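Visitor: Questions regarding the structure given below will be posed in turn.
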Amino acid sequence: MGIVVVGTVAFDTVETPFGRGENVLGGSATYFSTSASFFTDVSLVAVVGEDFPQEHVEFLKSRQINTEGLQQIPGKTFHWTGKYGYDLNEAQTLDTQLNVLMEFNPKLPQSYRNAEYLFLANIDPDLQMQVLEQVENPKLIACDTMNFWISSKPEALERVLKKVDIVVINEGEARQFTGEANLVKAARSIIALGCKRLVVKRGEYGVLMFTADSVFAAPAYPLEEVFDPTGAGDTFAGGFIGYLANTGDTSEEGIRQAIIFGSVMASFNVEDFSLERMKRLSYGEIEARYKSFKSLTSFRDITTL
Ligand code: AMP
């Protein structure tokens, strides 16, 4: 079995310098699972309210995502309102309506419990922990979070971070969580909590991956048109963990390759609003952009002068 992911399935209202989307499909688990579904089987754990249209569920199903763990309960769906200025690297949260998330009691279907890969996407860390405890013997656990939970539930978040193999986090949030301005020191202190790897997302500057004794840097793909960065982080994580689950290769080389697949997926997602670009993406395009990435970062080894 592939990946189990818990996170938000949401309505987003997003404003960027290039347009505005009102009540569009969003959520950390939505972006993650759509992206990962290009590489492996994905089983979703999330909650929505009565207002959530069947059309969105049908979209997830059309990507072969298992929605047995998607609960629909009385109340309104989680709603995030955010804004981006010309610096598209940092979202400004204008409003967060937790709604049905406050009543959510994730109970994993039996068929989810032997998942080999578990991704705890951005959601209340207490819910991340509840899901983590129900998966029997995962080969790899990774997680994400954001400033909202770092400020409101730091102790619960720390408990989660101590139980995972890979932490994927934004640059600003790594600094916020550790209180450390220098990113290398911030990375060291997150790794000291017990995870093996930390992947720091840096928007248009790409990602840095730290272990206790190595650093790997990958650029972001230089795009001429970026419309909406919402979901770039989750789409990155979906490509990254999705590709890992596909190959099962958790060697350093295998993980580095997966990082590039994550970066490729994020580069597509930002080209249009909500999940519009993902909806019309083909695997052929993914492979072609992976090759462009390779040539972008390939250069001759040092030669003697
Ligand atoms: P990102 O990949 O970081 O751009 O994530 C964007 C997604 O995160 C949006 O579609 C939102 O619905 C979702 N989101 C925003 N705030 C939260 C939150 N506090 N907890 C979980 N998901 C959130």
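Visitor: What lysines could a cross-link reach from Lys163, if we take a straight Cα to Cα line under 30 Å and drop same-chain neighbours fewer than 8 places away?
Guide: Lys107, Lys139, Lys153, Lys185, Lys196, Lys201
Visitor: Give me the one-decimal nm value for the distance between modelled label points at Leu296 and Asn114, 7 Å along each residue's Cα-to-Cβ direction.
Guide: 4.0 nm
Visitor: Tell me, what HN-Hα J-couplings in whole Hz come from the Karplus equation 6.51 cos²θ - 1.76 cosθ + 1.60 at θ = phi - 60° for each residue of the range 53-69, using x for Gly and Pro?
Guide: x, 4, 3, 6, 5, 5, 4, 4, 5, 5, 8, 6, 7, 6, 9, 4, x
Visitor: Can you list residues whose amide H is under 5 Å from Leu70's amide H, if they're 5+ apart or on another chain and H is modeled 1.01 Å from N?
Guide: Answer set, sorted by chain and number: Ala46.
Visitor: Per residue of the range 293-305, in order, report the coupling 6.51 cos²θ - 1.76 cosθ + 1.60 (Karplus, θ = phi - 60°) as ³J(HN,Hα) in whole Hz, putting x for Gly and Pro.
Guide: Those phi angles translate into 4, 4, 6, 4, 10, 9, 8, 5, 5, 4, 10, 6, 7 Hz.
Visitor: Still on this structure, I have one more. What FRET efficiency comes out for Ser151 versus Thr303 if R0 is 35 angstrom and r is the Cβ-Cβ distance? Round to the nearest 0.05. Write down the numbers at each step before the final one.
Guide: On the way: r = 51 Å, r/R0 = 1.44.
It comes to 0.10.
Visitor: Grab the Cα-Cα distance for Glu68 and Lys139, subtract it from 0.36 nm times how many residues apart they are, and report the gain in nm with one decimal. Before the final figure, lay out the partial values.
Guide: On the way: separation 71, 0.36 × 71 = 25.56 nm, distance 2.20 nm.
Separation in residues times 0.36 nm, less the Cα-Cα distance, equals 23.4 nm.
Visitor: While we're here: Can you tell which of Phe177, Phe38, Phe18 shows the greatest fluctuation in a Gaussian network model of the chain with Cα springs below 10 Å?
Guide: Phe18
Visitor: Pop a pseudo-label 7 angstrom from the Cα along the beta-carbon direction at both Ala192 and Thr250 and give the gap in nm to one decimal.
Guide: My value for the distance between the label points is 2.5 nm.
We did not get these values from a lab; they are worked out from the coordinates using the rules stated. This is a predicted model, so every value here is computed, not measured. For neighbour counting, all protein chains shown are included, and Cβ atoms are generated from backbone atoms with ideal geometry for every residue, glycine included.
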